[in-house]
1. Once fully extended, how much extra length lies between THR149 and VAL41, figured as 0.36 nm per residue of separation less the alpha-carbon to alpha-carbon distance?
2. Can you compute 3J(HN,Hα) from phi for each residue in region 152-166, using the Karplus curve 6.51 cos²θ - 1.76 cosθ + 1.60 with θ = phi - 60°, rounded to whole Hz and x for Gly and Pro?
3. Would you please give the residues with an amide H less than 5 Å from that of GLN54, counting only those at least 5 places away or on a separate chain, with H modeled from the backbone geometry?
4. With n ≥ 4 as the cut-off for DSSP H runs, can you work out [θ] at 222 nm for the chain, using -39500 (n - 2.57) per run divided by the number of residues, rounded to the nearest 500?
5. Extending each Cα 7 Å along its Cβ direction at HIS203 and SER83, get the distance between those two points in nm, one decimal.
6. Would you grab the residues whose amide H sits under 5 Å from the one on THR149? Only those 5+ places off in sequence or on another chain, please, with H modelled 1.01 Å from N.
7. Read phi for every residue in region 76-86 and hand back ³J(HN,Hα) as whole Hz from Karplus 6.51 cos²θ - 1.76 cosθ + 1.60, θ = phi - 60°, with x for Gly and Pro.
8. What accessible area per residue, rounded to a whole number of Å², is obtained for the chain using a probe radius of 1.4 Å?
Amino acid sequence: MNRYIALVLGSAILASGSASAADNVTSQEEIASAIEVAFGVTATTRYISRGLAQTTGPAIQGYIEPSFGIFYAGVWASNVSLSPDSAEIDLYAGIRPQFGDLSLDLGYAHYFYDRTGNCCGEWYAKAEYAFTEEFSAGGEIYYDHENDTKYGVLKASLALPHDFSVSGGFGTWFDDSQDWNVGLSYTLQEKITLDARYHDSNHGPAYFLASISFDSSFRLGR
C-alpha cells in the first residue's frame, strides 16, 4: 500500500512538473510573440533638423526599434557633415500609451557622434489626436535638462485620395528662432514612402528635399 501511494504521489509530481514546464514554454512563446521589432531606412537629399542642415548633401538614415506593449527602445543613425563628425547615433526609449483617438509618446533620447562622442540628451513628450480618419494634429516638446534648452513643434497631416498625404510643422526654440516645413507624401503598400518637402526658417537658408523611405516590422516567435 505504501509503495502504491508513493507511485501515485511520484506520478502526480512528475505530471505537475511536466505541466509547469509546458506552461513555461507557452509563456516564453507568448512573450516572444508580443515583442515587435520595427526597422527602416531612408535616403534623402539632405538631413535637416529643426531648420538646420546637418549634411551638405545626401544622407542615409536607418533605425531599429524593438517594442513590448507600450514600451519601446531603439537606435537611429545618419551620416552628418559636422566637422570633425561624419556620423550621428541616437539611442532612445519610452512609452506610447493610447487613449481612444489620442496617442502619446513619452521618452528620452541621447545623441552621440563618431568623433566628438557624447553630445547631449533630451526628454520628450509627444501627443497626436486623430480628429477624423483623414486629419490628425498634435504637438511635441523636447527638454535638455543639462543645457536647460527647450524646443517645441506643432504638426498636422491630412490624408488625400490614392495614398497621398500632405503634412507640415512649425517649430520654435521658444525665442526668436522658428522653423517650418510642408510636404507631399505618397505611400506604396504601407511600406515605401516618397516625400517631397520644403523647409525654411528665420535663422538659415531654405531647402527643398526629396526622400524615399522603407519601413517594416516583424514579431519574434513567429
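1. Numbers: separation 108, 0.36 × 108 = 38.88 nm, distance 2.94 nm.
Taking 0.36 nm per residue and subtracting the Cα distance, the gain is 35.9 nm.
2. So the Karplus estimates, Gly and Pro as x, are x, 8, 10, 9, 8, 9, 10, 6, 10, x, 6, 6, 8, 8, 10 Hz.
3. Those lying under 5 Å, H to H, from GLN54 are TYR47, ILE48, SER49.
4. On the way: 1 runs with 33 residues, N = 222.
The per-residue figure over the chain is -5500 deg cm²/dmol.
5. Going by the 7 Å Cα→Cβ label model, 2.2 nm.
6. Result for THR149 returns ASP144.
7. Computed from phi, the couplings for region 76-86 are 10, 9, 7, 6, 9, 10, 10, 3, x, 8, 10 Hz.
8. Each residue of the chain exposes 62 Å² on average to a 1.4 Å probe.
The values are calculated or read from the model by the stated rules, or taken from the named source; none is laboratory data. The structure presented is a predicted model; accordingly, all values stated were derived computationally and were not measured. Every residue, glycine as well, gets a Cβ built from its backbone with ideal geometry; the counts of neighbours run over all protein chains shown. The protein model used for the area step is the full one, side chains on, heavy atoms only, and it has no ligands, DNA or RNA in it. Shrake-Rupley method; radii C 1.70, N 1.55, O 1.52, S 1.80 Å.
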